[in-house]
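The structure under discussion appears below in the form of structure tokens.
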Amino acid sequence: MSILFSQKLICLIAMVSAFALAKDISASQQSEADSITLKNPILKPTQTVSVAAGVAGVIDNALVCEGDEVAIGQTLVRVRCDEAKLSHERAELAFETAAVKANRDVDVRLAEKSAEVAEQELARTLKANLLAADTYPPNEVDRYRLVFERSKIEVERYKLDQQLALLAKKQAEVELKQTQQLIDRHSICSTAQAMVVSVEKHAGEWVEPSTKILELMSINRLRVEGFVDGNDALGIKKGDSAKVSISVSKSTQSVSGKVTFVSPTANPANGQIRVYIEIENRDLQFRPGMATTAAIQK
């Protein structure tokens, strides 16, 4: 009786195992049927930056080397800028001079005071003639009136000079900023948080504008580039989920990704469509060029 029961139990276990295996196979087949595998996938960095010189000159100092991690805004290279500094100093002096002239209102106040006195003298002259006719002859009255009118014009002229001085101050300020920008162009800064992967020029070497000095690469995010058949591409859109498997140290790591690009054009030779999938690389355990497979979930 015990032997019969054991045989039945073994059979039951075998049936359950077979059912589970069949279910797993079916799920796997269903999963494969519900996904589109990329052909010829290549793991690449999402951002590679070629750092070039902005001005002509001699490299004064290279502050980084291959393998250094750099932050956004960090200074990488300095180009000698002696002439630019001298221009900046001259611009500073010109700005300070213009600021003094713009803030000086002595001439305006003096002209206003002279106009006030001339107006009072003219008023006294006219009043005296009202009290006693011909106290001041007409030519004398005209002289006082001319002095008053001239003093008013002097006030307007000095106010105009002050406005021109303010404009000159603004112009000097613009020139000062331009010279500072020229100095800043001699310092080449990073535009990305990345790693220095190549140094092309070193201290003492001459560079021209647009000469490549460094190359930076960011691997915080990576991109899988591959192809799918034209018919399969019809069901793929930007934002679709994907599963990416990458070989690392004789093991395979799987991560989730998103479709970021589906080419609007097909290869005329085989009809394939280029597709990009991006993944996070938080621990920086993946490197461009590693063996990769990728499947887009439909």
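Between residue 157 and residue 285, the simple label model (points 7 Å from Cα in the Cβ direction) yields a spacing of 8.4 nm.
With a Förster radius of 35 Å, plug the Cβ-Cβ distance of residue 263 and residue 74 into 1/(1 + (r/R0)^6) and report the FRET value to the nearest 0.05.
Taking R0 as 35 Å, the efficiency between residue 263 and residue 74 is 0.50.
Among the listed pairs 39/250; 85/159; 212/243; 212/237; 39/258; 39/212, a Cα-Cα separation exceeding 26 Å is found for 85/159; 212/243; 212/237; 39/212.
Which of rounded, prolate, oblate describes segment 202-277, given a ≥ b ≥ c as roots of the alpha-carbon gyration tensor eigenvalues and a/c under 1.5 marking rounded, otherwise prolate only if a/b is larger than b/c? Spell out each step's value before the answer.
Details: a/c = 2.94, a/b = 1.62, b/c = 1.81.
Taking the square roots of the gyration eigenvalues as a ≥ b ≥ c, segment 202-277 is oblate.
Extending 7 Å from the Cα toward the beta-carbon at both residue 189 and residue 253 defines two label points whose distance is 3.3 nm. Protection proxy ranking for 82-88, 194-200, using the average of other Cβ atoms within 10 Å per residue and placing the highest first: 194-200, 82-88.
In degrees, nearest 10, range 0 to 90: what is the angle between the Cα axis of helix 106-131 and the longest Cα principal axis of the chain? Tilt of helix 106-131: around 40 degrees. Where is the GNM fluctuation largest for the chain (alpha-carbon springs, 10 angstrom cutoff): 261, 148, 95? Most flexible of the set in this elastic network: 148.
Here is the P(r) of segment 162-247: all C-alpha pair distances, binned every 5 Å from 0, give 3, 8, 11, 11, 10, 9, 9, 9, 9, 7, 6, 4, 3, 2, 1 in whole percents. Here residue 152 is the anchor, and the aspartates and glutamates within straight C-alpha reach of less than 17 Å, apart from those fewer than 8 places off in the same chain, are 105, 107, 112, 116, 119, 121, 142, 161.
Give the shape of segment 154-298 as rounded, prolate or oblate, defined through the alpha-carbon gyration tensor: a ≥ b ≥ c are the square roots of its eigenvalues, a/c under 1.5 means rounded, and otherwise the shape is prolate if a/b is larger than b/c and oblate if not.
Working: a/c = 3.42, a/b = 2.27, b/c = 1.51.
Because a/c hits 1.5 or more and a/b exceeds b/c, segment 154-298 counts as prolate.
When the alpha carbon coordinates of segment 60-197 are projected onto the principal axes, the ranges are 100, 26, 14 Å, largest first. Once you treat every alpha carbon in the chain as an equal point and sum by Debye, what is log10 I(q)/I(0) at q = 0.07, 0.08, 0.09, 0.15 Å⁻¹? Debye curve over Cα of the chain, log10 I(q)/I(0) at q = 0.07, 0.08, 0.09, 0.15 Å⁻¹: -0.62, -0.70, -0.77, -1.13.
Round to a whole angstrom and tell me the spacing of the C-alpha centers of segment 129-160 and segment 195-264. One Cα centre to the other: 84 Å.
Quick check: the angle from helix 82-103's long axis to the longest principal axis of the chain, C-alpha only, nearest 10 degrees? So the inclination is approximately 40 degrees.
At 0.36 nm per residue, and after removing the present C-alpha to C-alpha distance, how many nm does the segment from residue 89 to residue 132 gain when stretched out fully? If you can, show how the numbers build up before the last one.
Numbers: separation 43, 0.36 × 43 = 15.48 nm, distance 6.67 nm.
Full-extension gain reported as 8.8 nm.
No value in this document is a laboratory result; all are computed from the given coordinates. Keep in mind it's a predicted model, so treat the numbers as computed, not measured. Because the Cβ atoms are built from the backbone with ideal geometry, glycine has one as well, and the counts that use them run over all protein chains shown.
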